[in-house]
1. With respect to G57, determine if the residue is closer than 13 Å to S209 by Cβ and within 19 Å of the chain's Cα centre (by Cα).
2. Quick check on my filter: what residues within the stretch 311-328 are assigned to a helix (DSSP H, G or I) and free of Cβ contacts under 8 Å to residues at least 40 places away in the same chain?
3. Of these, S262, S273, S239, which one is under 18 Å from A323 (Cα atoms) and either surrounded by fewer than 22 Cβ atoms within 10 Å (Cβ to Cβ) or at pLDDT below 95 (or both)?
4. List, please: which pairs have Cβ atoms under 9 Å, are six or more places apart or on different chains, and start with a residue in the stretch 1-29 that is assigned to a strand (DSSP E or B) and end with one that is charged (D, E, K, R) and within 14 Å of ligand 2 (Cβ to nearest atom)?
5. Restricting to helices (runs of 4 or more DSSP H) lying wholly in the stretch 190-254: which have 2 or more residues that are within 16 Å of ligand 2 (Cβ to nearest atom)?
6. Which residues, taken from the stretch 50-77, are of a type in the set (D, E), part of a loop (DSSP other than H, G, I, E, B) and either more than 16 Å from ligand 1 (Cβ to nearest atom) or surrounded by 16 or more Cβ atoms within 10 Å (Cβ to Cβ) (or both)?
Amino acid sequence: MRIVVLAGGIGGARFLRGLMSAAPDADITVIGNTGDDIHLFGLKVCPDLDTVMYTLGGGIHEEQGWGRAEETFTVKEELAAYGVGPEWFGLGDRDFATHIVRTQMMGAGYPLSAVTEALCARWQPGVRLLPMTDDRVETHVLIDTADINGSAGGDGEGRKAIHFQEYWVRLRASVPAHAVVPVGADQAKPAPGVLEAIADADVVLFPPSNPVVSVGTILAVPGVREAIADAGVPVVGLSPIVGDAPVRGMADKVLAAVGVESTAAAVAKHYGSGLLDGWLVDTVDAGAVEEVEAAGIRCRAIPLMMTDLKATAAMAAEALALAEEVRG
Ligand code: GDP
Ligand code: CA
């Protein structure tokens with residue numbers, strides 16, 4: 001069975017671990033979000049690709065969900081001693097090595113997809129990990145300048161776009177987001193292998209990744225959404241919203257920015273029946289099943305908390321079962 005998964009960082013990576021356990025013989029291609037990528041200290045950092053790579057390769061900091069296990073921060077401390085920031089982005093020493101290798105290879109002319117493959121030769125994630133695109137896409141978030149300058153009042157008109165990482169990591173998503181813009185996405189081409197993997201897939205899965213800044217960004221690369229809709233295979237997603245709130249992170253803030261309520265049903269309808277065939281909601285949201293099905297998307301309520309591998313594998317198995325039901 002060939003499975004294509006559109007993944008962000010933590011939610012995507014943890015789900016993939018469960019999927020690999022539920023379907024050990026499946027051939028899995030992961031299309032990773034690169035809208036979170038950021039250039040820091042002259043290095044190209046790809047947080048979501050690395051979270052998937054480290055999680056599946058056994059190098060992840062388990063409790064934190066991102067970054068390397070047994071990490072140290074000597075380089076960061078030394079940079080800070082020079083007054084060189086940003087200090088809000090936590091790059092550890094082990095992680096730095098990944099970004100140095102990536103930046104060096106890209107400087108030598110290799111595209112991100114080839115670099116990702118080279119990095120994965122070390123980590124052996126057990127899936128084929130493809131960036132959504134080799135082109136530069138950067139998710140920006142539009143905020144009120146008054147919200148960050150602390151100046152109450154003002155003309156109310158001053159807005160500014162900041163990098164998604166600045167919104168999430170520095171500001172902790174503490175101020176309203178008015179728009180989310182995947183800058184460069186409209187000009188981006190899917191990375192080599194992306195459209196082919198979708199066309200050859202037996203099933204496409206949306207893990208409980210952020211619907212706006214993870215899955216939404218991947219779908220914003222021209223051709224990807226169309227390829228999925230045209231593949232003629234079941235497309236099944238799992239809700240990252242449980243009990244009307246994200247399990248972790250800021251999905252509620254970025255959903256509001258695109259005019260979508262933070263409910264499991266609203267996210268399903270945001271993807272729409274033109275894209276999504278099946279949707280899994282948590283048991284606490286069982287009341288949403290009817291609304292989702294009324295929108296033309298087959299829906300089941302099952303436990304959706306990725307508390308351990310067993311629970312996560314059960315979620316993946318349910319997603320594959322729902323795909324079979326849709327195909328049936
Ligand atoms: P990020 O790039 O690291 O933010 O990770 P993703 O976009 O892949 O996933 C983030 C989303 O995962 C958030 O919206 C969370 O609500 C969701 N999430 C995290 N853990 C769980 C879980 O155990 N169950 C469900 N249903 N969603 C989860
Ligand atoms: Ca991310």
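1. no
2. Within the stretch 311-328, the first condition is being assigned to a helix (DSSP H, G or I), and the residues that meet it are 311-327.
Once the filter is applied, which keeps residues that are assigned to a helix (DSSP H, G or I) and free of Cβ contacts under 8 Å to residues at least 40 places away in the same chain, the stretch 311-328 yields E318, A321.
3. None of the other options fit; the residue is S273.
4. From the stretch 1-29, the pairs are A7/D48.
5. Numbers: elements: 194-200, 215-219, 224-230.
Passing ranges, in order: 215-219.
6. Result: E70, E71.
The values are calculated or read from the model by the stated rules, or taken from the named source; none is laboratory data. These numbers were taken from a predicted model, which means no experiment stands behind them. Neighbour counts run over all protein chains shown; Cβ positions are idealised from the backbone, glycine included.
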